[in-house]
Amino acid sequence: MIIVSHYSSLLGDILIAVQNDKLVGLWLENQKHYLSNFKENVKEDNQNEIILQVKSWLDRYFNRENPSIKQLDIELIGTEFQKMVWKILQTIPYGTVITYKDIALEIAKQKGIKSMSSQAVGSAVGRNPISIIIPCHRVLGSNKSLTGYAGGIDKKIKLLELENVELSTFTIPKEKSN
């Protein structure tokens with residue numbers, strides 16, 4: 001059973017998902033891969049203890065208080081490679097950014113291999129099931145492009161602005177036309 005609740009934020013509705021007393025998902029409305037890892041029954045419970053802890057964490061984050069991810073009990077559901085990438089995301093300090101290439105280099109180092117694909121890293125980052133708390137919005141293209149955010153580039157920009165990241169040196173990808 002997945003327990004869910006909605007949180008209203010400056011980015012719009014956020015869905016929080018808990019399973020076995022652990023946070024397993026947090027998605028922005030219309031985000032890619034929304035609830036994608038879960039096939040179980042879903043029940044809404046706005047008073048669940050873990051849900052309330054996550055909402056408190058989000059309140060502090062949106063008030064620019066930089067709460068620690070260690071304050072939450074999280075279970076990552078994904079492949080071993082995805083989990084490696086998501087662990088690295090958790091180490092990106094508040095208000096800073098790194099590139100997909102930086103993560104690829106770190107993965108290669110951890111695995112003792114010569115190189116790792118930045119595209120594979122990008123795919124794993126895009127499937128991060130716990131947005132904002134596991135800060136995938138802090139990852140940029142190697143050319144300083146604000147690319148690749150499953151919740152939308154506009155939301156990535158708002159999150160980085162909230163963290164006082166200076167955006168003037170970054171490029172914003174043009175909208176793709178049909």
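Conditions (1) at pLDDT 95 or above; (2) under 14 Å from the mean Cα position of the chain (by Cα), marked per residue:
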{"position": "Leu23", "(1), (2)": "yes, yes"}
{"position": "Glu40", "(1), (2)": "no, no"}
{"position": "Arg64", "(1), (2)": "yes, no"}
{"position": "Lys83", "(1), (2)": "yes, yes"}
{"position": "Lys87", "(1), (2)": "yes, yes"}
{"position": "Val97", "(1), (2)": "yes, yes"}
{"position": "Lys109", "(1), (2)": "yes, no"}
{"position": "Val121", "(1), (2)": "yes, yes"}
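Quick check: anything in segment 134-152 part of a helix (DSSP H, G or I) and of a type in the set (D, E, K, R)?
yes
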Given Thr169, Thr91, which one is open to solvent by 80 Å² or more (accessible area, probe 1.4 Å), more than 20 Å from Ser9 (Cβ to Cβ) and under 14 Å from the mean Cα position of the chain (by Cα)? Thr91
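Here is a check on your reading of the model: is Gly126 more than 22 Å from Ile88 (Cβ to Cβ) and open to solvent by less than 30 Å² (accessible area, probe 1.4 Å)? Break it down stepwise before answering.
On the way: more than 22 Å from Ile88 (Cβ to Cβ): no; open to solvent by less than 30 Å² (accessible area, probe 1.4 Å): yes.
Answer is no for this residue.
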The number of residues in segment 55-83 that are assigned to a helix (DSSP H, G or I), open to solvent by 70 Å² or more (accessible area, probe 1.4 Å), among the charged types (D, E, K, R) and more than 20 Å from Glu161 (Cα to Cα) is 2
Inter-residue pairs, beta-carbon under 6 Å, first within 20 Å of Leu159 (Cβ to Cβ) and in segment 1-20, second surrounded by fewer than 18 Cβ atoms within 10 Å (Cβ to Cβ) and among the acidic types (Asp, Glu), 6+ apart: His6/Asp13; Gly12/Glu29; Asp13/Glu29
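Residue under question is Lys101, and the condition is that it be within 17 Å of the chain's Cα centre (by Cα) and either open to solvent by 60 Å² or more (accessible area, probe 1.4 Å) or not aromatic (Phe, Trp, Tyr) (or both); does it hold? Show your work before the answer.
Values: within 17 Å of the chain's Cα centre (by Cα): no; either open to solvent by 60 Å² or more (accessible area, probe 1.4 Å) or not aromatic (Phe, Trp, Tyr) (or both): yes.
When the stated conditions are applied, Lys101 does not pass them.
Evaluate the following for Ser145: is it without any contact (Cβ under 8 Å) to a residue 60 or more places away in the chain and either open to solvent by 60 Å² or more (accessible area, probe 1.4 Å) or in contact with a Phe, Trp or Tyr (Cβ under 8 Å, 6 or more places away or on another chain) (or both)?
Numbers: without any contact (Cβ under 8 Å) to a residue 60 or more places away in the chain: yes; either open to solvent by 60 Å² or more (accessible area, probe 1.4 Å) or in contact with a Phe, Trp or Tyr (Cβ under 8 Å, 6 or more places away or on another chain) (or both): yes.
For Ser145, the condition - without any contact (Cβ under 8 Å) to a residue 60 or more places away in the chain and either open to solvent by 60 Å² or more (accessible area, probe 1.4 Å) or in contact with a Phe, Trp or Tyr (Cβ under 8 Å, 6 or more places away or on another chain) (or both) - is met.
The values are calculated or read from the model by the stated rules, or taken from the named source; none is laboratory data. All figures in this text were calculated on a predicted structure; none of them were measured in a lab. Backbone-built Cβ (ideal geometry, glycine too); neighbour counts: all protein chains shown. With ligands, DNA and RNA removed, areas are computed over all heavy atoms of the protein, side chains included. Shrake-Rupley method; radii C 1.70, N 1.55, O 1.52, S 1.80 Å.
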